[in-house]
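Taking it in order: structure first as structure tokens, then the write-up.
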Amino acid sequence: QVQLVESGGGLVQPGESLRLSCAASGSIFRVNAMGWYRQAPGKQRELAARITDGGSTNYVDSVKGRFTISRDNAKNMVYLQMNSLKPEDTGVYYCNAAIRRSRFGPELDYWGQGTQVTVSS
């Protein structure tokens, strides 16, 4: 069994910051790419930021320069530092990880339960 648990969401005003955290736990051999997806009300889920196990990152254009994704491989954790938040960043943020549970087993996608981020004055 593998679990991803997010924390750090909340209500902030425009221009403020939040830091999201996600911890992967359970029967894990290796965690490969990790990422943060978000889903705004009435819209499809989109990739906000992604980081490989080697540390390479990519971001959706709308968050470049404001969000920073990072990870701690020893702890199987991924973080999303969100600065200069805008109302359009509002949504549920989901942690995602590609995990191998054994040396020769398949790589599977796992998801957290989501954490709400609301940016409003």
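Give the residue, chosen from GLY105, GLY54, GLY65, that is modelled with pLDDT of 95 or more and of a type outside the set (S, T, N, Q).
Only one candidate passes the filter, namely GLY65.
Go through (1) buried (at least 16 other Cβ atoms within 10 Å of the Cβ); (2) touching a Pro at 6+ places or on another chain (Cβ under 9 Å) and name the single condition PRO87 misses.
The one condition PRO87 does not meet is (1).
Scan (1) at pLDDT 95 or above; (2) out of contact with any Leu (no Cβ under 8 Å at 6 or more places or on another chain) for the single condition PRO41 breaks and write down its number.
Every listed condition holds for PRO41 apart from (1).
Would you please list the contacts, defined by Cβ atoms under 9 Å and residues six or more apart or on different chains, that run from a residue in segment 91-116 that is within 18 Å of PHE29 (Cα to Cα) and open to solvent by 40 Å² or more (accessible area, probe 1.4 Å) to a residue that is aliphatic (A, V, I, L, M) and part of a loop (DSSP other than H, G, I, E, B)?
Listed pairs, sorted by first residue: ARG100/ILE28; ARG101/ILE28.
Tell me which residues, restricted to segment 1-14, are part of a strand (DSSP E or B) and either more than 25 Å from ALA97 (Cα to Cα) or of a type in the set (D, E, K, R) (or both).
GLU6, LEU11, VAL12
Confirm whether SER62 is open to solvent by 70 Å² or more (accessible area, probe 1.4 Å) and either in contact with an Asp or Glu (Cβ under 6 Å, 6 or more places away or on another chain) or among the hydroxyl-bearing types (Ser, Thr, Tyr) (or both).
Taking the combined requirement at face value, the residue does not satisfy it.
Being more than 16 Å from ASP109 (Cα to Cα), of a type in the set (Asp, Glu) and in contact (Cβ under 8 Å) with a residue 60 or more places away in the chain is true for just one of GLU16, GLU6, GLU88. Which residue is that?
GLU16
The values are calculated or read from the model by the stated rules, or taken from the named source; none is laboratory data. The structure displayed is predicted, hence computed values, not measured ones. Heads up, the Cβs are rebuilt from the backbone with ideal geometry, glycines too, and the neighbour counts pull from every protein chain shown. SASA here: full protein model, heavy atoms, side chains in, ligands and nucleic acids out. Shrake-Rupley method; radii C 1.70, N 1.55, O 1.52, S 1.80 Å.
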